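The structure under discussion appears below in the form of structure tokens.
The values are calculated or read from the model by the stated rules, or taken from the named source; none is laboratory data. These numbers were taken from a predicted model, which means no experiment stands behind them. A quick note on method: Cβ atoms are made from the backbone with ideal geometry, for glycine too, and the neighbour counts reach across all protein chains shown. Only protein heavy atoms, including side chains, enter the accessible area calculation; ligands, DNA and RNA are left aside. Shrake-Rupley method; radii C 1.70, N 1.55, O 1.52, S 1.80 Å.
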Amino acid sequence: LRAEYRSSLYVWQEVQRRKRNGMDGYSPLTDDQVRLLDEIDFPWDARRQTLWNDKYQELVEFKKKHGHLRAEYHSSLDYWQIIQRRKRNVMKGHSPLTDDQVRLLDDIDFQWDTTRQTTWND
């Protein structure tokens, strides 16, 4: 449901987001409207989803280049991976990952449990 910036679909999506949040004097969406939009995976937070997709693609490219997902310690990619683990475990202050996000990370052999010792030859 990605819409071109300022297209009629883009504007409509923005209005639905504002209605859901009761912003700008819009009457809120009904529960049925929210449910129907959820059923088609409506992008409620498009900016956040775009940022997630960008970082995921960076991780995919990292794996292609290095053959593993062990980013440099304290790098932005390392930190992003830590956040994904926290989100999957639904830790306080972190919104949970979607099923699609978990699947995408699983598809690239994302290491959810970092408690086991790894070697450079893994």
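A few notes on this one:
- Test: residue in segment 18-34 that is modelled with pLDDT under 90, basic (Lys, Arg), exposed (fewer than 14 other Cβ atoms within 10 Å of the Cβ) and out of contact with any Ser or Thr (no Cβ under 8 Å at 6 or more places or on another chain): no
- Answer residue from segment 50-83, given it is of a type in the set (S, T, N, Q) and over 18 Å from ASP106 (Cβ atoms) and is modelled with the lowest pLDDT among those: THR50
- Of the residues making up segment 81-92, those that are open to solvent by 30 Å² or more (accessible area, probe 1.4 Å) and touching a residue at least 24 places away in the same chain (Cβ under 8 Å) are ARG85, ARG88.
- Positions within segment 13-48 being among the aromatic types (Phe, Trp, Tyr) and within 19 Å of ASP100 (Cβ to Cβ), in sequence order: PHE42, TRP44
- Within segment 11-33, if we keep just the residues that are of a type outside the set (Lys, Arg), part of a helix (DSSP H, G or I) and over 30 Å from GLN81 (Cα atoms), the residue that is nearest to the chain's Cα centre (by Cα) turns out to be GLN16.
- Residue match in segment 92-111 (condition: out of contact with any Cys (no Cβ under 9 Å at 6 or more places or on another chain), part of a loop (DSSP other than H, G, I, E, B) and hydroxyl-bearing (Ser, Thr, Tyr)): yes
- Subset tally (residues that are farther than 18 Å from THR50 by Cβ and either of a type in the set (D, E, K, R) or surrounded by 13 or more Cβ atoms within 10 Å (Cβ to Cβ) (or both)) for segment 67-78: 6
- Search result, residues across segment 41-82 that are within 16 Å of the chain's Cα centre (by Cα) and outside any helix (DSSP H, G or I): ASP41, PHE42, PRO43, TRP44, ASP45
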